[in-house]
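Asks: Pasting in a structure now, in structure tokens, and then I'll have a few things to ask.
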Amino acid sequence: MVYYPRSKKVIAKEKAKEKVRKAKAEPLIRKMPISITLLKKMDGGDKLSDRLLSKLRGHSMHHSLKHMKQMVKDLSKGGSFRKAHKDAIKNVGV
């Protein structure tokens, strides 16, 4: 098998395309995450582990407070993160 190196021109085009793709994918304004204290105060939040609470905190940057309350409620009943997320999207939205 013979390896043909890419030219600098091709590499520059690929980098430009990647930069445009990333700019479209990332929102201009990032939402602040919900604090762990507030997550603990939600209905059933005191039953959740610290690891799960930190995961929920990062998840809250992309979702509404209503969505997060529903997820905390489902997780405190013993559901999985993925199932709680899907149910929250179905019931209350993003």
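Asks: Contact list please: Cβ distance under 6 Å, first residue in region 55-78 and closer than 9 Å to VAL94 by Cα, second residue assigned to a helix (DSSP H, G or I) and not polar (S, T, N, Q), pairs at least six apart or on different chains.
Replies: Filtered contacts from region 55-78: HIS67/ALA88.
Asks: Would you point out which residue out of ASP43, ASP50 is within 19 Å of PHE81 (Cβ to Cβ), at pLDDT 90 or above and not aliphatic (A, V, I, L, M)?
Replies: Working: ASP43 fails: at pLDDT 90 or above.
None of the other options fit; the residue is ASP50.
The values are calculated or read from the model by the stated rules, or taken from the named source; none is laboratory data. Predicted model only: the values in this text are computed from it and were never measured. Note that we place each Cβ from the backbone using ideal geometry, even for glycine, and neighbour counts take in every protein chain shown.
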